[in-house]
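The values are calculated or read from the model by the stated rules, or taken from the named source; none is laboratory data. This is a predicted model, so every value here is computed, not measured. Don't worry about glycine lacking a Cβ; one is built from the backbone with ideal geometry, like all the others, and counts go over all protein chains shown.
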Amino acid sequence: MTIEQQISELRAELNACVEPTERRQLEAELEIAQAELIMMLAEQDGSIDAEPPF
């Protein structure tokens, strides 16, 4: 599954979720997946360097 697919699936689950505890878990997972996508895109376009500084 691609990260975009994962984000889409999490959004769909979040829209259907009514239980507060599960909703918070899904929100956290979605936030992490979105951050991973941002990092991947930044690495691809060269705006950040994935190598450690040492």
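Counting the residues of the range 1-49 that are part of a helix (DSSP H, G or I) and touching a helix residue (DSSP H, G or I) at 6+ places or on another chain (Cβ under 8 Å) gives 18. Residue by residue through the range 9-41, note down the ones that are closer than 29 Å to residue 51 by Cα and polar (S, T, N, Q). Passing the criteria: only 34. Is it true that some residue in the range 25-34 is touching a Ser or Thr at 6+ places or on another chain (Cβ under 9 Å) and aliphatic (A, V, I, L, M)? Looking through the range 25-34, none of the residues is touching a Ser or Thr at 6+ places or on another chain (Cβ under 9 Å) and aliphatic (A, V, I, L, M). Give the range 18-54 a look and list any residue that's more than 11 Å from the chain's Cα centre (by Cα), surrounded by 10 or more Cβ atoms within 10 Å (Cβ to Cβ) and at pLDDT 95 or above, or say none. 22, 23, 24, 25, listed by residue number.
The set of residues from the range 15-54 being polar (S, T, N, Q) and closer than 22 Å to residue 2 by Cα comprises 15, 25, 34, 44, 47.
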